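Reading through the C-alpha cells given below for one structure.
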Amino acid sequence: MRTFNFAAEAEKVNPLIPHTAELVVGAIAFTLLFLVLRKSVVPMFEKAYTARTEAIEGGIKKAEQAQLEAQRALTSYNEQLSSAQGEASRLRDEARVQGVAILEDLRTKAQEEAARITAAAHASIEAERQQAITSLRNEVGALAVELASKIVGEALDDQARQSRIVDRFIEDLEKSK
Amino acid sequence: MINLHFSGEGFVPPSTNDFNLPPIFENIAWLTKPVLLVFLSVIVVSVFFTLSARKAAIVPSKLQFAGEGIYSFVRNDLARDVIGHDFMRFVPYLFTLFTFVLTNNLFGIVPFLQFPAMSHVGFPYVLALFSFFIFHYVGIRKQGLGKYLKDIAFMPGVPKAVYILLTPIEVATFFLVRPLTLSLRLFANMFAGHLLLLVFIMGGDYMLHDSHTIMKIFAPFSFTFGIVLTFFEFMVQCLQAYIFTLLTALYIAGALADEH
C-alpha cells in the first residue's frame with residue numbers, strides 16, 4: 001500500500017484537471033435528475049401549493065361571509081328588538097292614555113247618573129210632597145168641617161164634655177186612619 | 001521496533017492521490033466510486049422527491065412535509081426572493097442544482113459512501129457550465145445579444161474614462177471569474193473537507209496501530225477531532241450547496257435585470 005502511494009506520488013495528478021468521464025457522467029446525471037424533478041416533482045408541489053392556497057383563501061372567504069351574515073342578522077335583530085321596544089312603549093302609552101280617558105269617561109258618566117238619580121229623587125219627593133199637601137189640605141178641610149159641625153151640633157156645656165168630644169174626635173181620627 | 005517506524009515508512013499523510021480511486025471493475029475504466037455516487041444521488045433524490053410529491057396533499061404527510069420543506073426553501077428563499085418576478089421558470093433548475101449538489105456533498109459523511117463526488121472537479125465544472133450558459137442565455141433572450149454584451153462590456157452610467165479599467169474587469173467577471181469561482185469554490189471546499197477528515201481519521205488509525213505506545217494515547221483525540229470535523233463538514237456541505245444555488249440565482253437575476 002505504502003509503496004503504491006509512493007509510486008503514485010511520482011506521477012501526481014493535478015486535481016484541477018477533470019476526467020472526461022466525469023464531465024460526461026455529471027452532465028448526464030444532472031440532466032436526468034433535472035428531467036425527473038421537473039416532470040414529476042415541481043408540478044406536484046406547485047399543485048399542492050395552489051390547492052393549499054385555494055383551501056386557505058376559500059376558508060377565509062367562507063369565514064368572512066359567515067361573519068358578514070352574522071353581522072347582518074345581529075343588526076336586523078337589534079333593529080327588530082328596538083322597534084319592538086318602541087312599539088311596546090307606544091302601546092303602553094296609548095293604553096295609559098286610553099285608561100285615563102276611560103276612567104274620566106266613567107267618572108263623568110257616574111256623576112251624570114248620580115245627578116240624574118238625585119234629580120229624579122228630588123222630583124219624586126217634590127211630587128209626593130205636593131200630593132201630600134194636596135191630600136192634607138183636603139183632609140184638613142174635611143176635618144175642620146166635620147169638627148166644626150160636631151162642635152156646633154152638640155152643646156158645649158162643660159169642660160168635661162168638651163174634652164170628651166175632642167177625645168172622641170181624635171179616636172175617630174185614629175180609627176179612620 | 002520504534003526505529004523501524006521512524007526510519008522506515010512512517011506516517012504517510014493523505015494527498016491528492018487519495019482522491020484518485022481505482023475503477024470498481026478493472027476493465028471499466030470510467031466506473032469509479034464518484035461516478036457511482038453521482039448516479040446514486042440521482043436515484044436517491046428522484047425517489048425521495050417523487051414519493052414525497054406524489055400525493056400533493058393539502059395536508060401533507062411527514063414525507064411530503066420534508067420534501068416540501070426543501071422545495072419551498074429553494075423556491076421561495078432562493079428563487080423567488082432573489083429572482084423575483086417570473087422566478088418559476090428557474091425553479092426546476094435551481095431545485096435540481098441544490099438537491100444534486102447537497103446530496104453529493106452529504107455523501108462525504110454518509111457511512112460507507114464517505115466520498116464527496118464534488119471533490120472531483122469534473123462535476124462542479126459541469127454544473128458551473130450549466131449555470132454559466134443559463135444565465136447568459138437568459139440575459140441574451142431578455143435584452144438581445146448586442147445590448148447584453150454591450151451592457152456587460154460598457155456598464156451604463158459610468159464615465160467613459162473608467163471603461164479602460166472597468167471593461168476588462170467586467171468581461172473577465174462575466175465570462176471567466178463567475179464560472180470558475182462557482183465550480184472551484186465547491187470543488188475546493190469538498191476537496192479540503194475530505195482531506196481534513198482523512199488526516200484526522202487516518203492519523204488516528206496510524207497512531208493506534210502502527211506507532212509507539214505513547215502515540216496510542218493520542219489516537220482518541222485524533223478520532224474525536226475527526227468526529228467534530230465531520231459535523232463541521234456537514235455544515236460546510238449544506239452551505240456550499242446553498243451558495244452554489246444562491247449565486248446561480250443571483251447571476252440569473254442580474255442577467256434579467258435591465259441594468260447590471
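We did not get these values from a lab; they are worked out from the coordinates using the rules stated. Keep in mind that this is a model prediction, so the values were computed, not measured. Cβ atoms come from the backbone with ideal geometry, glycine included; neighbour counts cover every protein chain shown.
Please report, in debye to the nearest 20, how large the charge dipole of segment A:16-176 is about its Cα centre when each Lys and Arg carries +1 at its beta carbon and each Asp and Glu carries -1 there.
The dipole magnitude comes to about 1520 debye.
Compute the angle between helix B:91-106 and the longest alpha-carbon principal axis of chain B, please, reported from 0 to 90 degrees and rounded to the nearest 10.
In chain B, helix B:91-106 runs at an angle near 10 degrees to the longest axis.
In terms of Cα to Cα distance under 27 Å, which lysines are near enough to residue A:62, apart from those fewer than 8 places away along the same chain?
A:47, B:55
Could you pull the Cα extents of segment B:2-256 along its three principal axes, largest to smallest, in whole Å?
71, 58, 39
For segment B:131-260, take the convex hull of the Cα atoms, compute a quarter of its surface area, and give me that in nm², please.
10.6
I'd like the FRET efficiency for residue B:216 and residue B:36, computed as 1/(1 + (r/R0)^6) with the beta carbon distance as r and R0 of 45 Å, rounded to 0.05.
Efficiency, from the Cβ-Cβ distance: 0.80.
In square nanometres, what is one fourth of the surface area of the convex hull spanned by the alpha carbons of the protein assembly as shown? Show your work: numbers first, answer last.
Values: hull surface 253.2 nm².
Quarter of the Cα hull surface area: 63.3 nm².
How big is D, in µm² s⁻¹, for segment B:13-125 by Stokes-Einstein at 37 °C and 0.692 mPa s if Rh is the Kirkwood radius over C-alpha pairs? All intermediate terms of the calculation are to be shown ahead of the outcome.
On the way: Rh = 16.0 Å.
Roughly 205 µm²/s, to the nearest whole number.
At a threshold of 8 angstrom on Cα-Cα distance, excluding pairs fewer than six apart, so keeping six or more, what relative contact order does chain B reach in percent?
26
In bins 5 Å wide, starting from 0, what share of all Cα pairs of chain A does each bin hold, as a percent?
Per 5 Å bin, starting at 0, the Cα pair percentages come out as 2, 5, 5, 5, 4, 4, 3, 4, 3, 4, 3, 3, 3, 3, 3, 3, 3, 3, 3, 3, 2, 2, 2, 2, 2, 2, 2, 2, 2, 2, 2, 2, 1, 1, 1, 1, 1, 1, 1, 1, 0, 0.
Work out which helices of chain A, taken as complete DSSP H runs, extend at least 27 Å along their axis over the Cα atoms and score a mean Kyte-Doolittle of 1.0 or more, then list them.
Span-like helices in chain A: A:20-40.
Hey, with R₀ at 30 Å, roughly what FRET efficiency would residue B:257 and residue B:57 work out to, going by the Cβ-Cβ distance, to 0.05?
0.20
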